[in-house]
Amino acid sequence: GNGGAAGSSGQLAFSSGLSNLGNSGRITIGVGISTKGRGGSVHVIVGSGTSGVGAISTIVSGRGSARGGGPTAVVSREDVLASSGIISVTSTNGGASGGSGRLAFSSGSAVTGNTGDVAMGSGSATAGRGGRMDLHVGSGISGAGSPITVHAARGSEHSGGGVVATSGGSSASSGTLAVRSGAIGIAGSSGCVSFSSGSAKSGNTGLIALDSGTASGGRSGEITVSGGSGTSGFGSLVDLISAPSVVLGGPLTLCGGQGGQASSGTMCVSTFNGGATGSSGQLA
């Protein structure tokens, strides 16, 4: 019943009994089947309060002694003819002066073994195409936009974990992998795209490699580095600068490709043709 003037309402506990040699009993909460309508909803709602932080809703699977803890599955049901149901994990909208709640997906820590994988993926389709995965940061009206950060794990003795972004393969062409900054507003500039290896204290910094894949029945893909075009001022610079050093500066090498049976590739250094009232650029 309801609590008194200075007390709390009573606790409700649904539990199966203990078992010494066998499995403990299962608890099933469900709605009945409907033959002409749709099945009823099941709601688990924590009551609201007027002081302190809202109460927690927790789903915990069973602890194991030798063969691993029990799994927790949240599964939407299939439809006979149409799509399966949606699974939505979302925090509630923030109040008048607060933010919305954080969503955290994390595997637990481990003392002597590896921590668990976190896998996010869409299912396979046999007669259609695989579902799309979108990772978006919400927009705001004040301050800078929030970043998206992908960190690989730090290693204590060996190398740190890698970050791999790979487009999907197929029997035709593989998918495009595009890394670009977003479009700008009316009076701003687009964002910088930076590829950089980390700094090193006692060893060499990492290599940066731009490479097209090997082709067994055709020719390899091109690599193009170009500055974007504009409608005012000078064209943008494209700089190739080798690293300075306290002893010797780094070399800069430009080579045409080697030919296995015919000639090697041509090396061409040229400026574009001049416009209607200008000259072509200088080579210095």
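Here are some notes:
- Binning the C-alpha pair distances of the range 34-105 at 10 Å intervals from 0 yields a P(r) profile of 12, 31, 30, 23, 5 %, listed from the shortest bin outward.
- Shape analysis of the range 89-137 yields a ratio of the Cα radius of gyration to the Kirkwood radius, Rg/Rh, of 1.13.
- Diffusion coefficient, µm² s⁻¹, Stokes-Einstein with Kirkwood Rh over alpha-carbon pairs of the range 142-280 at 20 °C and 1.002 mPa s: 102 µm²/s
- In plain terms, if you count all Cα to Cα distances in the range 93-188 and split them into 5 Å steps from zero, the share in each step is 2, 6, 10, 17, 14, 16, 16, 11, 6, 2, 0 percent.
- Length-normalised contact order of the range 196-267 in % [C-alpha pairs under 8 Å, at least 6 apart]: 12 percent
- Mean shadow area of the chain, taken as a quarter of the surface of its Cα convex hull (nm²): 33.6 nm²
- In the chain, a dipole from Cβ-located charges (positive for Lys and Arg, negative for Asp and Glu) runs towards its positive end, and of 183, 109, 230 it is 109 whose Cα lies farthest in that direction.
- Calculated diffusion of the range 208-284, Stokes-Einstein form, Kirkwood radius summed over Cα pairs, 4 °C and 1.567 mPa s, µm²/s: 77 µm²/s
- Value of D in µm² per second that Stokes-Einstein yields for the range 173-217, Kirkwood Rh from Cα pairs, at 20 °C (1.002 mPa s): 144 µm²/s
- Dimensionless Rg/Rh of the range 1-144 - Kirkwood Rh, Rg from C-alpha atoms: 0.99
- With all protein chains in place and a 1.4 Å probe, the accessible surface of the range 169-284 carries 51 percent carbon and sulfur.
- For the range 45-190, the dipole from Cβ point charges (+1 on Lys and Arg, -1 on Asp and Glu) about the Cα centre works out to 60 debye, to the nearest 20.
- Accessible area in the full protein assembly, largest first, 1.4 Å probe, for 14, 195: 14, 195
- Whole-number percent relative contact order across the chain, with pairs defined as alpha carbons under 8 Å at least 6 apart: 3 percent
- Accessible area per residue in Å² at 1.4 Å probe, computed on the range 1-124: 100 Å²
The values are calculated or read from the model by the stated rules, or taken from the named source; none is laboratory data. Just so it is clear, the structure is predicted and the values come from calculations on it, not from any experiment. Backbone-built Cβ (ideal geometry, glycine too); neighbour counts: all protein chains shown. Ligands, DNA and RNA are excluded from the accessible area calculation, which covers all protein heavy atoms including side chains. Shrake-Rupley method; radii C 1.70, N 1.55, O 1.52, S 1.80 Å.
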